[in-house]
Number of protein chains: 2
Amino acid sequence: MTQTAYQAPLELMELALRQAAQGSGAVALDGYAEVLGDLARPILESAARFAAEVLSPLNRVGDRTPSYCTSGGVVTPPGFAAAYARFYRDGWVSLSAPVASGGQGLPTLIAAATAEMWGGANLAFAMCPELAAGAIAALQGLGAPGLPEEYVSCLVSGEWTATMCLTEPQSGSDLSTLRTRADPCGAGWRLFGRKIYISWGDHDLTENIVHFVLARTPASPPGLKGISLFLVPKKIRSASGELQDNDIHAVSVEHKMGIRASPTCVMALGEREGARGWLIGRLHEGLSCMFTIMNHMRLGVGLHSLGLAERALQLARTHARERLQGRDSKGAQRPIIEHADVRRMLLTMKSLTLAARCMAYTTAATLDVAQLAENEQVRAGAVRRADLLTPVVKAWCSDAAVEVASLGVQVHGGMGYIDDSEISQVYRDARIGPIFEGTNYIQAQDLLRRKIVHDGGRTLAELLSDIEIAARRLPTEADHPLAQLRAGLLEGSAQLHAAASRLIDAAPAEPDLLGSTACYVLQWLGLLAGGWQLALATSSVPASATPARAVIDCAVFYGSQILPRIRTYAATVAAGARPVTGASISDL
Amino acid sequence: MTQTAYQAPLELMELALRQAAQGSGAVALDGYAEVLGDLARPILESAARFAAEVLSPLNRVGDRTPSYCTSGGVVTPPGFAAAYARFYRDGWVSLSAPVASGGQGLPTLIAAATAEMWGGANLAFAMCPELAAGAIAALQGLGAPGLPEEYVSCLVSGEWTATMCLTEPQSGSDLSTLRTRADPCGAGWRLFGRKIYISWGDHDLTENIVHFVLARTPASPPGLKGISLFLVPKKIRSASGELQDNDIHAVSVEHKMGIRASPTCVMALGEREGARGWLIGRLHEGLSCMFTIMNHMRLGVGLHSLGLAERALQLARTHARERLQGRDSKGAQRPIIEHADVRRMLLTMKSLTLAARCMAYTTAATLDVAQLAENEQVRAGAVRRADLLTPVVKAWCSDAAVEVASLGVQVHGGMGYIDDSEISQVYRDARIGPIFEGTNYIQAQDLLRRKIVHDGGRTLAELLSDIEIAARRLPTEADHPLAQLRAGLLEGSAQLHAAASRLIDAAPAEPDLLGSTACYVLQWLGLLAGGWQLALATSSVPASATPARAVIDCAVFYGSQILPRIRTYAATVAAGARPVTGASISDL
């Protein structure tokens, strides 16, 4: 079978970029239109080349020769270190970092498109640099007294990489039971503890690694309120100017179902004198500090996931065009892409991927508005919109990627189950998306509890209103191919509005109501947001543009074959908590 | 984390057995009630012990040390040969083979329950003996002139194993392009060709292997009509009584995503003088002969898949009871099973698994009726019912297993992505179900084209009528927890009846209509059949029985949280072929 390198779908990406800039209002930001107009294409083309020529060929290598741990540290697959060196020297890490910190100051939106490419070409690799951008934002916003400037500049340039160290064996989704300890020591801190599931916790790509570690300080309050955030470097520069080992190292690397090139490390801190660290932000405010990085990573997971979905589509489409099975009416063999069910699968894959792309890019553009708009109210509105959409992007796009990858396997038939076919790797790689950076249930809880119920439904109502406006602009003829998209969006929005109001009202009296319905609400909103974006795309794509036909086809298909899933969620949410809480735990 | 062995859910299995026997009418067959009453329990207990003590511990071994190919043949993982020797000597292969052939003559239904156990404990192992039962049925029904009796008796006893050799590199779902050649040679045949994806095509478990090979004879008509079925042994007994190599051998073993202990072989036939073979059934009727075996394997895939789903449930439930995250209102740490979303996931897993079990067992019992009922009309009705349900069992149960396994991974969080956790293997193993023994789309086509449209909808209407009868027996109070199951079954059945009529009427004029909707129709019918079985279970389970509460909980949950998926399929089927056929292939 033919295996070609990942190819960034530049035309659809540009379409999604323009639509995101317009729909979010980012296009009005100072210099934004120019950047999108003149600069975007060469940047995207250059990124696409890097993805196709450097990262994509290493994807299979990383799966076959996973990273492993030695007494001298973690060894990554052949070619990864050289690729990373080119990656950061070519400026891909510093793309959207502020100019003041040595970054290139490009919109988050542009960086989002490149993140999709890295994820699509090589997810295991892509996870490594993604952390830096979030880390830079955290350091910018919070500061770290006494921290040498070198740490910021080397993160911005990509010369050093970052990690997030949250999870401990007893403490995963619930961080309140965290035990890692930070003791004051002179002007700084010494950390002791053990962290697990640390992505790229150690490696041989760079000279140094900057860990962002959650820990407890002496006499801090118990639970979540007593947690602080520390910067703990792998190596610290001595008085004589050399980088010397800090007391933190990788103990082991997990063997995983996928993303095998990405070393998932168990990290030991303070096996000797304690790992030296700097406090970031204020004492006991570690969680909210970490959320700056975490939110960035959540958008990143969504972007990488949609890149993977795109990759699955590319592999399946290529296979479906080449594989001959069955005959046409004249007896000639047909490529399987001509079979209706294969097209149904490919259209499902493509419309989910395009919806996910537009949704994730729009969220990225909204973050640009939240940061850069002159008007404070506009900024505040964008903050709320981005807060609402971020968990949806993370969870819905990663779930969609699992579905799309699974369809990709199915299109391949038996070949999809063989290690030789890249689609089988995509399927395994995609499964991490719904788990890490907060499980998709954590996202759903965040969405429903914090972003909808605590908000009184205001931000949701604003979004649903925008969705309705977009739907009403679709053709009104009852037999128009887009009629179902229009009707589904209008009906689904109105129903979600009503359902959310009921949940807000009933939640105080029913303890498990939100927990039982959160996942369904997230899927519901994700389906609507995806349909909204495709509705916008049908009007924003110029009829003469190459992808115009593909966009219309996806919107029609989504409206009639994907959006109806809302009917299921409407029913399951309406059932409330009783089907779950009424069931006996001991008989499960 | 605790990893316990697979434990067959005996009480739920017995419930499903009784219900299947009653619902299918098999209970009226001669001796059936006695077998189920007195014999079932000791047989199931004995099978459960074998599954837990012998097969389950080898499951991880097989994943870590896959089968591999040497010049002397395929080597299976340590322990597999000894386990197989015990397996066949304990009589598990001959369980449901006819007494006349040396089998034990037990109902297919009992064998179905054991097949679930083998699949749940060790899917890679389970696939090997499953083929024998289908092969025996084919030989019984068709005969093979001149075939030494030894081949039948050694298949029945399990001393030798069987394979199906269909696929060739250019010929998968479409067998019309098959090239393997059978030339007449004396009283027999010599075969030449290459077969791929042959499960257990070679191994070191038994002295001999009996291959069932599709091939073309000289001057046979082109396409599907020119294909015949041959029995080609790995070894043939010489005049002096020794088993000597036939001209067929494994060239290589695929490296696969899962079921790694199961050697998926490329087989070469006739590299020297040609592989000796015997014609089975009549010339040019190979496909219909093969379907006897294939239909057995399709039920087998359904049974194995539901076993895997059960295994995923067991692993997830154990993890959810042990893993502490979050706190209750008094500040004590809670096992995650107390969190609403985790229970939602476990209930989804359990209700899908229970529905799949009852559906698959009912199909097995229906096969017993089809074979053994005295009344010819009863037999004919059962044949049609089993023909209708078999593709649903294969596809719906294997899709459900993928979903359940994925939820199992999700319940495990990060641990579910680590190779150390068995759930990650279950997830990879489960993905083969929708692909092999005819992809799930092939099943859907078979269901919609042959079993519904060509049948004029008669058999479907009979089944839907049974579903409605069962639904009407559920409690009628509008606020009863089972009200949604009742309403969903009634509404879903009536709608499917109407939708099928529309498809039957419209199909002749719309070439891609059935191809575009078949997968949705299969899911729809699967959801209904699953709900039907759970509705029956609520009335057939004695209120005092241990699993009574679990059955009710599953039925309630299924009715309100699973069955509403029908609403989506009703909409997608109603949209017809246009969303697929209206889309441009070149723009995909």
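Quick notes on this one:
- Shape of the protein assembly as shown, Cα gyration tensor, a/c cut at 1.5: prolate
- Counted charge near residue A:301, where neighbours are those whose Cβ lies closer than 13 Å (Asp, Glu -1; Lys, Arg +1): -2
- Think of region A:149-284 as a dipole: +1 on every Lys or Arg Cβ, -1 on every Asp or Glu Cβ, centred on the Cα centre; then among A:240, A:210, A:228, A:228 lies furthest on the positive end.
- In nanometers and ordered shortest first, the copy-to-copy spacing of the residue B:332 label point, defined 7 Å from Cα toward Cβ, is 7.4.
- 3J(HN,Hα) couplings calculated from phi for region A:100-113 with the Karplus curve 6.51 cos²θ - 1.76 cosθ + 1.60 (θ = phi - 60°) are, in sequence order, 4, 9, x, x, 8, x, 7, x, 3, 4, 5, 4, 4, 5 Hz; Gly and Pro show x.
- 20 Å reach of a label modelled at residue B:71, 7 Å along Cα-to-Cβ, counting backbone N of region B:264-281: B:266-273
- Here the 3J(HN,Hα) profile of region B:19-33, calculated from phi with Karplus coefficients 6.51, -1.76 and 1.60 at θ = phi - 60°, is 5, 5, 5, 6, x, 8, x, 5, 4, 7, 5, 4, x, 5, 4 Hz, Gly and Pro shown as x.
- Nearest-20 debye value, chain B charge dipole, Cβ charges on Lys, Arg, Asp, Glu: 800 debye
- Relative to one another, the C-alpha centroids of region A:175-203 and region A:471-496 are positioned 52 Å apart.
- Overall form of region A:414-556 per C-alpha gyration tensor (a/c, 1.5; a/b vs b/c): oblate
- Qualifying trypsin sites (Lys or Arg not before Pro) for region A:153-253 [loop in DSSP, other Cβ within 10 Å: at most 14]: A:179
- 5 angstrom amide H check on residue A:276, placed H, neighbours 5+ away: A:191, A:247
- When B:421, B:398, B:240, B:406 are arranged by Cβ crowding within 10 Å, least crowded first, meaning fewest neighbours, the order is B:240, B:421, B:406, B:398.
- Surrounding net charge for residue A:458, when Lys and Arg each add one and Asp and Glu each subtract one, Cβ distance under 14 Å: 0
- For the rotational copy relationship between B and A, the axis lies nearest to a chain B beta carbon, identified with its distance in whole angstrom as B:567, 2.
- Between helix A:376-412 and chain A there is an angle of about 70 degrees, using the helix long axis and the longest principal axis of the Cα atoms.
- Put a plus charge on the Cβ of each Lys and Arg, a minus charge on the Cβ of each Asp and Glu, and nothing anywhere else: the dipole of region B:149-284 about its Cα centre is then about 520 debye.
- Position residue A:477: other-copy label points at 5.3 nm, ordered by increasing distance, label point 7 Å along Cα→C-beta.
- Of the residues B:141, B:31, B:13, the one whose Cα sits farthest towards the positive end of the charge dipole of region B:10-141 is B:141 (charges of +1 on Lys and Arg Cβ, -1 on Asp and Glu Cβ, taken about the Cα centre).
- Distances between copies of residue A:224, taken at a point 7 Å out from Cα along the Cα→Cβ vector and listed shortest first: 5.9 nm.
- Distance between the modelled labels on residue B:255 and residue A:585, one decimal in nanometres: 4.5 nm (7 Å Cα→Cβ projection).
- Here is how the number arises for chain B: DSSP H runs of 4 or more residues each give -39500 (n - 2.57), the sum is divided by the residue count, and the result at 222 nm is -17000 deg cm²/dmol.
- The ranking of A:61, A:402, B:404 from fewest to most other beta carbons within 10 Å of each one's beta carbon is A:61, A:402, B:404.
- Alpha carbon centroid spacing (whole Å) that separates region A:545-588 from region B:500-537: 19 Å
- For chain A, the longest principal axis of the C-alpha atoms and the axis of helix A:286-322 are separated by about 40°.
- Average partner coverage of B:561-569, which counts Cβ from other chains inside 10 Å: 6
- Helix A:340-372 and the longest principal axis of the Cα set of chain A meet at an angle near 50°.
- One compactness figure for chain A is 0.96, namely its Cα radius of gyration divided by 2.2 N^0.38 Å.
- Cα shape, region A:149-284, gyration tensor, a/c 1.5 rule: oblate
- Dipole magnitude for region A:53-134: computed about the Cα centre from +1 point charges on Lys and Arg Cβ and -1 point charges on Asp and Glu Cβ, it is near 160 debye.
- Take the Cα of residue B:183, go 7 Å toward its beta carbon, and the backbone nitrogen atoms of region B:251-282 under 19 Å from that spot belong to B:268-279.
- Using the Cβ of residue B:522 as centre and a radius below 13 Å, the other residues enclosed give a net charge of +4, where K and R count +1 and D and E count -1.
- Filter on B:256/B:394; B:195/B:234; B:394/B:451 - keep pairs with C-alpha separation over 18 Å: B:256/B:394
- Under 5 Å, built H, 5+ apart or other chain: amide partners of residue B:473: none
- Whole-angstrom gap from region A:380-456 to region A:65-140, using each part's C-alpha centre: 21 Å
- Taking only Cα atoms of region A:86-159, radius of gyration then Dmax in Å: 12.2, 39
Where a number appears in this text, it was derived from the coordinates with a stated rule and is not lab data. Because the structure is predicted, anything quoted here is derived from the model rather than measured. When we count neighbours, we look across all protein chains shown, and the Cβ atoms used for this are built from the backbone with ideal geometry, even at glycine.
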